[in-house]
Every structure is written in structure tokens, then in C-alpha cells.
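Data first, discussion second: the structure below is written as C-alpha cells.
All of the numbers you see were taken from the coordinates with simple rules; none came from a lab. This structure is a prediction, so every number in the text was calculated from the model and none was measured. Quick reminder, even Gly has a Cβ in these numbers, built from the backbone with ideal geometry, and neighbours come from all protein chains shown.
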């Protein structure tokens, strides 16, 4: 923690700050300049992080020095984490492709959609049974029944299932049908849900919140790891900015930053980042070139008739085209596919 | 819904769009210009809102015309909604002040804090028993025990209690102790929680999400109303922008917009908007001058020793000073206090 | 400057950083913690600010400690700066109102518009002869002729003239007709223009850039002061954020921050901040309640027929209504009007 | 233009809007729904774009239908524009690499830097003689002398020169030495400068403003084309968002959007987008994978000793490494290098 004193701070004020630091069993390092005094505190920054030192008389501002995340940090675990789900090794050298529709649309439908994903080359199948919708009047998903349809799709295709969990009360139920639990953008800071999936025995895909900083994103992952579940996959999916020509703003730049700061694997979702089918493939390639371990893609055999997110879904030919491009770009960046 | 066709759209493509609209039992109005054809669909826009018309061949883009909110709109309820809680009429002519610490810090403490709030002139007491914290290693609140302390504080002071609910499983418990349920920023899009508080028999303060648009904010309120609970109070509390000199960016400009679009009362939280004690009072006055019905203020007798948010809390004298300013500004803008 | 070393930094790497600091004639203060070494440099931070210390081996990150602005800071000039223009004392206790149309629309018109502004109670008249327009096909202003019309309006009404300068080549010309030079949002970082107006002998209204941080805003003012012109008025006018229901996002929260950091007066522009007539008055009151010294308002006798910005202009009755509200709120916040 | 009337609009109000549209020689198309009337105007939208119809009684809101750009649009020029500079064909199939230091640091230095860029494989050399700096106390560039040094560097290496122009008065001078004029981020909306470079006989690299929307970016290019200069290269370079862990937020997602909307070539600047050397290469590959025609890279033989931007500059080995990666990725995405 860095504590910058005001230019006109009195010695008495400075002494009170030092006393406060000592009372926390921390050691202040005092640097007196010609104009200002600065106090550096190193050691267990957690102890001091939430102390409102900034409002003590004489203090101008304070600045944390250490990052608040621990278990997710690369310092704590220098090797990349690799998570095995079915045949996929998420975070390994081979790129991973999860594909499927936004929503489970029925049993017959979801089996057909899973077959399409498999045929095109996906290694994971994604579809939502519980749907977080901005409007209470929109389709809210098939719920528990949708989960059973997903299990049927898995039996038919063998593809492991990625599906969203929205409610702390649904953890056991979703775990029965899903191979990977997805925590959505709107729940990235639903800390009670993070704790519950942290106690589950399934890998978790954690989507980045719409305006979450990278540090907040990592701290949400930290919640899951701190409960004992170390199989967390970080999922950038676009952020909210002033630009509204696309649904979100592609956040490909976070990929090298996350890989630098953390050991967790990174799957990215270009479908939500762009929100417009014709831009999804270019965005997906950008994520991959930036270092992602794979993609989550919304795909539907007839996007025009999709129950939700049709406007950003690839059809079968779009998916095959993307797979072809991934196959070409992978070796150029030292990956397999 | 406005459907703008591409300049080179063929008649066959246009016909297919018209057919699709007809198939939804809606009436297309076709405007042919020299360069483009435009189709306007008016009527039940919900039916068409989620149809991915944009990906039909020949379509350039689509644009909704009607807003998706209904019950919260001023069109649906031209009079201001006024919510009675204890002696406070939230949304009436008299400004409302809710004050209290960020966290419940113990039984004795919270009683003392409530007394301070009352003495300074607050009509509601706010404090958190359940705390959503960015870090799993931070103090997470006293939980159920904290709720009991709040009830004790109410018994001592008579001030109605505002406290946060974070978990769908806690609704009954929180309702036993709280007079107003607060749904926090991070849960503004936790739709299952919104549905649960929509079924509760208590007024709800809904805080704006960090990067929620006004329309999304209103849609989250719509979730609550659509479940039968019409006592919703909207709470702007700053938004996230590029500016980082303050904790958030004060969103005083939303107040006249919300009052124009909706009949719901508006209480604002300048403490979180600014995040720095010395700026809170000016920010609170700005919210009030913009038309807010009152304020939520973090206040603590000794901010330096607060368990959380001390850096943005007013002390007793700060609170009394704010009350004095509210008393002066209220008649100048045609309100009481 | 704070220099945080990596956990695994070697002594040799640390020594090289220390050597570098010594070579700049600065004194490093070294704090060794159990996990990390931190070096604090205090003194002339300008010397080190642009040194890319962050890329030296062993360095994790660097953090400036001192703010880069000097002349504009309150530390440099503890008293508020007050600027006299005509009868107005900008930054004094009395609130200032500048009003007028977006564009000069002709000689007869601008005289009429100035009369309207005066009659409603404005003390300064604002109108643009040079217009920065997003589209090259939009009306670009009357230019030099417009300046002459402004002088005519001043002769008729006695109101001092505020008008925009867009081009370094126009300084002499604009100074002949204007009492206050306005540097627009899009030119806040046009440093050559800032230098030129810094050499002019006229007060300058500096509008905040659309996404300028407060520090950048102050640094742009610093450019003007550093050339010798200390009569700078800071003008918040809304910022760009994710919210698009209004033209910009009202930045009322910057007012107390700027007043804390700087001695310069603050006039605010709620017309551009909101972009919609019906919200302008509430926004103006919010700026004033937050501590602004006055307002810049777009006003036109017939907004429907205004050449530009009619959608955010008050008409005469709107302006009179605003003046009435300012007259009431001023004493409530300890100001005159 | 779409004009949505209020639910309670009277026939008289509707008639007045229709009259206004007719008075502009445009044809209104009226669609009456059960709840609302909507008027669509198609034809020359420029005529109506700036009419403040929104404030006419009975009007709820208006919405433009057509984009305001013309010459830059792909509709106006379906083929990609290719610009020849030296041996480089910017916008052709072969990727282009411009590299060099942030600032011209002296004659000897800039020649050395150009040699380094050439040796590493760059086809254009970039360096700034005029430097827009946030602080008036920072190094402001070598100015006119710096331009001469750039000419010397060109004589030595044959590499065409890209350099920034900041001032309308410098156009002739900069044109004497530069092969491509660069308009910087801070001047993207300096419309007088855009007009001047629009009259110059040199290609222009136009950098995206920090918070410019894609439409505004294209409109700034439109300014240049509208003056007769059709050789404009669009340069995304990161945007400003809430995320501050990197200097800017990488805007790779704009590349497919710009390529869809416009025929102009796109060179991207990952150095400014990220602001941290170790992330530049991944960001550059992301831009390329998204469809960019090439990159602008800050490179310096000794970044630690660079006069400016050392913290985001690649050294020689970094540049060679990037070139190697571009050579591999180019064929994978159907390009040459």
C-alpha cells in the first residue's frame, strides 16, 4: 500500500498514520521528499486494503501495490492449467471448439443441433436450458426439462455439455446433466452463485461481466477457486463501451493480459462480442490469434428460425467455414486443431 | 419495428420478409423510396422483437420502435407512484433520507449507528447484513445474525430498515427483518432474484447496474412489477466509465430521464457514485436538484474505523451538514424536507 | 514515482534500476518486503515520468505519485480565480449565465437572439460563427462574417460575446470580435490551438473533451496557462459513455472534483450534456447544486427553426423558467444570481 | 428518417409534421397502428437530418435511417481501395508493415532507426517530428528539423516516410518530407486539419479518435475524401473504456465492420492500443486475423532509452519476432507478406 501525504500534512498527522499501520502489525517505510512524505507498506496487503486510511487527516491518497487475487495468479501456479472434459483438453495445445444454439428448443431439436455441431467439428456442445433474458416477457428457457434434453443430446452424440446455471438452488440439478457449468455475464458478480459452483465437482466457464475489469474478472474466478474448485475457464465475450454498431466491443486484447496474469485457460465467445453473424468469424480468429485456447460459438441449422440469438448464430456452413479457418490458423500460431 | 432493406434487395427477398411478418399476424407498411424499401411494423412489437429478421436475405438492419417496458412506464401509470414506509412517503413531495453504515458491525454498534442516523434527521436506516464483496477474502457480512441486530436497531429507534438481499434462498428471512429490500448493483440482472423479490410483500430498492442502460434498468424493475410487486424504488448510484478519479461517475442526468419515462420513485446513492467522502454532499445535492425523491447515504460515527466503505462515509457532522443543505435546497426546488 | 519490482527480481536488476534513478539526479528510497522490493522516488517527478522504467528487467509496474499539472492546481493558487468579463465576475459568488443559439444564423437573427438572451437575464451571449460539424455536408457556420454579426449583436445589447475558435490561423480575427474564446470539445487536445489561445489576451472557455479524464482536462488548461494566459474557464459538457438515451452523460460529478483540484472557475453546458430540451433545465440545476459558477445554455426563439441544435435549445419561455429556478436555488446554496 | 409520434399525438400535430416534411420537398409515408402513428421519410435524408423534428409537438422521437457517409462507403465504391506508396500496396493482398520510433530523436538516430526497421522487414518507416503531448512540459518533438532528418533517413534506406501533421499551417512543409501524412487520434475531429489534408496530394493515415464511434471515424475520412483526396487509410489504435490495465482497449472488432461498410484500407496500431510492449505482438496478430491490411508498430533499438513511448516499443528482436509471426499467419488467412 502506498500512502501519499498532503503537502501540508503535519508531523502529528503523519505520526497518526504510522501508528495506525503499526497497530495492524505492518511495517511502514517512510520516504520524505522536499515536498511530500510518502509511506510504503509492504507485507500482507489484505490487512490494510480495506482500511479507509484515505480519510485520515493529512492523507492525500492511497494506492494498493499488490493485486488482490492469489490462487488464480500465475505467480501461484506458473504452469498453464489444463482441464480435461471428454476428449477435449481445455488449455492444452489443441484449440477447443464449443458450439450450439443459444437455447435448448426441444428434445428433437437439441439432438439435431448437437449432431450438427459434432459434424462440423465441435468438441463440446453448448445450449441454454435456463436463459437470463432482459425482458420478463421473453422466452425464459425450458428449464429442468431442457437439461434432460441436453442429456439426450449427449447420449446421441457423445459431446460433453456446456450449459448455464443461473440459480444457487439449481446446482445439483445442473451438475447431473452438464459437463461444464457456465456462469453467465450477468452473474459474474453473483458471489453466492460463485461460491456454490466453487463447491461443485464440475469445471466452470466463467463469462466476463459486461463492464468487469480484468482484475474483477480474476477475483470472481478467485471466489470459485477459493471454495476448492480449481477447474475454471475464463471466457471473454465482449464488453460494453460507447460503440453501439455491434452488440458489444470485442475484447481480444484481454487474452494476452489474462494469460500473463493467470494460469487459467481462456475460451472466448465472439458471437456475443459482435452480435452480428457476418462479423463472428473474423472476431473468433482475432481471439485465437491473440492467444485464446478455443471458442464458444452460437450455431443453429436455421438461424432465421432460432428461438433466440439467431441474428448472431452461424449456420452449418458458417460453422464449417470457421472450422476450416481455425485449422489453417492453428499451426501458424503454434497450436493444433 | 423498422426493417430497412438493402439497396440491392430483390423483390423476392422483400416478399419473403413481408410473408414472415404476415405469418406473425402483424401488418407490414411498405415505403418504397428511390433507393431503398423500408418496412414498418406496428402493433404488438413483442411478437417480432426477437425474430432475427436482420439475417434474412436483403435486410440491412432492423430497429425496434417501441420500448420493451410496460408496467413501469409512465404511459401505463401517469401519476407518480408513492410508497409508504414508516413515516416516509417515498416519491411524495417530501424528500427522503436513508442513512447508515455500509455494514452491520455488531448489535451494539448498529443500534448506535441507527441512533446517529435518526438524530441527524434520517427517516430510514440502511446497513448491510449480507455484503457482496469483490474479494472472497473480504468481510462478507454478519448474515442472519446481522438481520437480528437490524431488528434490534429498529426496536430502539423506530427507523424502518433498508437492507440488501443477495440470495434467492434468503427472501423469507430478510423480509422478516427488513422494511425495504435492497437489490444491489451486482444483482440488477440476477433475474431469478428479481422474480423472488417480485413475489415478496415488501418494497424494493433496485440499484442500477454498473453499466446498465436506463432501458435495462427499467426492464429489471419490470421483472419485479411483472410478478405483482409494484413498490419498486429506482436507485441510481453512479456508473462505470473511463474516468477513474472517483469510484464511479455520478449519473445525475438519469434522474429527469427516469422521471419522464417511469412513474416509479427515485432515491439516489451519492456515496457509491463518488466513493470519496469530501465529494458526497455536492453529489447528493446534484441528484436532488435533478429531481430525485431522496438520498441513500453511507454514514458512520467514525469512518476511520468502519468495517467497510469508511472512505466514502459521512460522519455525524457531515450528515448534519448534508441535512442542513437539503433543508435549504428543498423549498428552492418546490419540495419539502 | 513508485517502482514495484517483480517477486523474482534479482539484486542485479534492482541495482540497475537504482543506477538509472541516480543517473537522473533523483533519490531512490528502497523498501524491501518479504516478497517484493519497492522503490519510491520523490522529487522532480517530471524528470522520471516519461522514462520507460517499466520495461527494465525485474520491474513489474510503475505508478506516478504526483499529478502532472502545476499552474492550474489549487496548491499553486489556493484562492479561486475570478475572471471579469463585462459585468460578469466568472468564479465569483454570483452565478453567471451565458445563453444564445448554437450558430450565428444571420445579422438580423443574431441581434434578435442576443436581445432575447439579455431580456431573459443572461449576462453573456454565446453563438458560433465557426462550427465543427461531424459531417462535411452540414452547415459549417458563417465564418468571418458571422463574427461581424456578433459584434453587431454586442453593440446592440452590450452583452459580451463567447464564440468558438477552431483554427490557429483565426486567433487575431476571433479576438477582434469575441470577449471570451471558446475551445470546443473536439479541440480540447489540439495542443497547437491551446498554445495560440494561451498567447491571446482574452479569457478562454475550455470545453471538456468527450472522453477526456479530469487530469487530461486540467492538463489542456495547463497548456494555456503555461503560455501566459491565466484566464481559463473550465467547461464540463457531458461525456461519452455506454448510455445513448441522451446525447452525452451529464458529468455533474466532476464539478466538486475540479473545484478541489484547481482554482479555475467552472461554467457548465447542460445543453450538450443532455441533447434533449426537456432535460436541460434539470441538468443545469444539477451542475449548479454540484458547485458550478454558472451555465452555458443553448437558446433560440424558435428551436424548431434553428439552423443547428434546435433539439436541445430552450426557447424564450424555457430560458425565463430556468432563470427563475436559478434565482431560487442560488441563495439555497450560498450563491447570488 | 423515422418519426415516431406520441401515443396521444393529435391529428393536428401529425398534420404539422407532415406539412414540415412536405415543405422540405420530401415524401412522408404514414403508418397508423392501433397505438401510434409512425412517419417514414425516405429520399434525401441530408435535408431532414438536422431538422429538429423531435421537438415538434406530438413527436416522441426520430431515428435516422441512412448513414451519413457517402464517398467512403462500400456502396459508393464496391472494390477495395489500394494505395501505392513506394513498393507497398496498402489495401492489396500483401500485408504492410510500418515501423519506427515514436519520436524523431536526432538525425543520426533516426537514420539508425530506419535502418533497423528496414532490416527487420518493414516497408514503411514511421516517426514523429511533431508530437502531441498531454503535458506542455513534455518533449514536443524536433519539428521542422525533425522532418529534414526523416528525409535523410529516407535517402539512406529508401523507406517511405509516415509522419504526423498537427497544424494546418504545416501542410506544405510536411508534404515536402512525408510520403504519408498521419492525422493523430487527438485530431480526428479537427475538421479544418482534415480539410487541409484533403487538399494535399499525399495519402493520409487517419487514426481513430479515442472515443470515436465507427460512424464518426468514417465521417472524418469523408471530410478528407470530400476535398478530393481519396487516398485515406483508416487506423484503429485502441479506444478508451473503463479498463485501465492496458493503455487503451484493443479495438480489433472494428476491422470487419469497417471493411464491410467502407472500401478504404485499414492499417492498425497495436502499440498504442495496448501500451505495454509484452502485449503488442499478440494484439497485432489479432488485428491481422480480424482482417487488417497491415500494422503500424513502434520500434526502437533501445526502448529503455527512447525519448517517448519506450514502454510500448518493440526492440529489434521483438520486431523480427513479429515479422516471423506475420509471415506465418499471412498465408493461413489468405494473405501474402
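Binning all Cα-Cα separations of segment A:69-124 at 5 Å, short to long from zero, yields these whole-percent fractions: 4, 17, 18, 16, 15, 11, 8, 7, 4, 0. Which FRET efficiency value, to the nearest 0.05, is calculated for residue D:151 and residue C:305 with the Förster distance at 35 angstrom and r the Cβ-Cβ distance? The value I calculate is 0.05.
The C-alpha atoms of chain B define a longest principal axis, and helix B:11-23 lies at about 50 degrees to it. Across segment C:278-333, Cα-Cα distances exceeding 14 Å account for 52% of all pairs. Just checking the listed ones, B:211, B:151, B:220: in the Gaussian network model of chain B with Cα springs under 10 Å, the one fluctuating most is B:211. The shape of segment D:241-328 comes out oblate: with a ≥ b ≥ c from the C-alpha gyration tensor, a/c is at least 1.5 while a/b does not beat b/c. In this simple spin-label model, placing a label point 7 Å from the Cα along the Cα-to-Cβ direction at both residue A:63 and residue D:19 gives a separation of 6.4 nm. On the rotation that sends chain A to chain B, the chain A Cβ lying closest to the axis gives residue and distance in whole Å as A:211, 2. Distances from residue A:74 to itself in the other copies, using label points 7 Å out along the Cα-Cβ axis, amount to 3.7, 4.2, 5.3 nm in increasing order. Computed on segment C:1-87, the Cα convex hull volume stands at 119 Å³ per residue.
Rounded to the nearest 5, the antiparallel percentage of DSSP beta bridges internal to the protein assembly as shown is 40%.
One compactness figure for segment C:145-261 is 1.11, namely its Cα radius of gyration divided by 2.2 N^0.38 Å. Hey, in the GNM for chain D with a 10 angstrom Cα cutoff, which one of D:20, D:201, D:154 fluctuates hardest? Per the Cα network of chain D with a 10 Å cutoff, D:20 tops the list. Principal semi-axes of the equivalent ellipsoid, √(5λ) from the alpha carbon gyration tensor of segment C:189-337, are 26, 18, 15 Å from largest down.
Using the Stokes-Einstein relation with a Kirkwood hydrodynamic radius computed over Cα pairs, the translational diffusion coefficient of chain B at 4 °C and a viscosity of 1.567 mPa s comes to 60 µm²/s. Classify segment D:7-46 as rounded, prolate or oblate from the Cα gyration tensor: take a ≥ b ≥ c as the square roots of its eigenvalues, call it rounded if a/c is under 1.5, otherwise prolate when a/b beats b/c and oblate if not. Because a/c hits 1.5 or more and a/b fails to exceed b/c, segment D:7-46 counts as oblate.
Against the main long axis of the alpha-carbon atoms of chain C, helix C:214-226 sits at an angle near 80°. Label-to-label distance for residue A:199 and residue A:47 is 3.1 nm, based on points extended 7 Å past Cα in the beta-carbon direction. Largest GNM mean-square fluctuation across B:133, B:16, B:240, computed for chain B with C-alpha springs under 10 Å, falls on B:16.
For residue C:44, the label point sits 7 Å beyond Cα toward Cβ; its separations from the matching points on the remaining copies run 4.3, 6.3, 7.6 nm, from shortest to longest.
Dividing the summed helix terms, -39500 (n - 2.57) for each DSSP H run of n ≥ 4, by the number of residues in chain C produces a 222 nm estimate of -10500 deg cm²/dmol to the nearest 500. For segment B:200-280, the Kirkwood radius over C-alpha pairs fed into Stokes-Einstein at 25 °C and 0.890 mPa s yields D = 186 µm² per second.
Averaging Cα coordinates gives a centre for segment B:186-222 and one for segment D:1-34; these two points are 36 Å apart.
Per-residue mean of foreign Cβ neighbours for A:134-147 is 4 (Cβ atoms of other chains, 10 Å radius).
Which shape class, rounded, prolate or oblate, goes with segment B:56-151 when its Cα gyration tensor gives a ≥ b ≥ c as root eigenvalues, a/c under 1.5 marks rounded, and past that a/b bigger than b/c marks prolate? Note, shape of segment B:56-151 comes out oblate.
Dividing the convex hull volume of the alpha-carbon atoms in segment C:253-298 by its residue count gives 59 Å³ per residue. Stokes-Einstein diffusion for segment B:40-109 at 20 °C, viscosity 1.002 mPa s, with a Kirkwood radius from C-alpha pairs, works out to 123 µm²/s. Contact order, relative form, for chain D: 15 percent (alpha carbon pairs under 8 Å, 6 or more residues apart, mean separation divided by residue count). Normalised by 2.2 N^0.38 Å, where N is the number of residues, the C-alpha radius of gyration of the protein assembly as shown stands at 0.89.
For peptide C:2-14, the mean count of partner chain Cβ atoms within 10 Å of a residue's Cβ comes to 1.
Here residue C:15 yields copy-to-copy label distances, from shortest upward, of 4.0, 8.5, 9.3 nm, the label point defined as 7 Å from Cα along Cα to C-beta.
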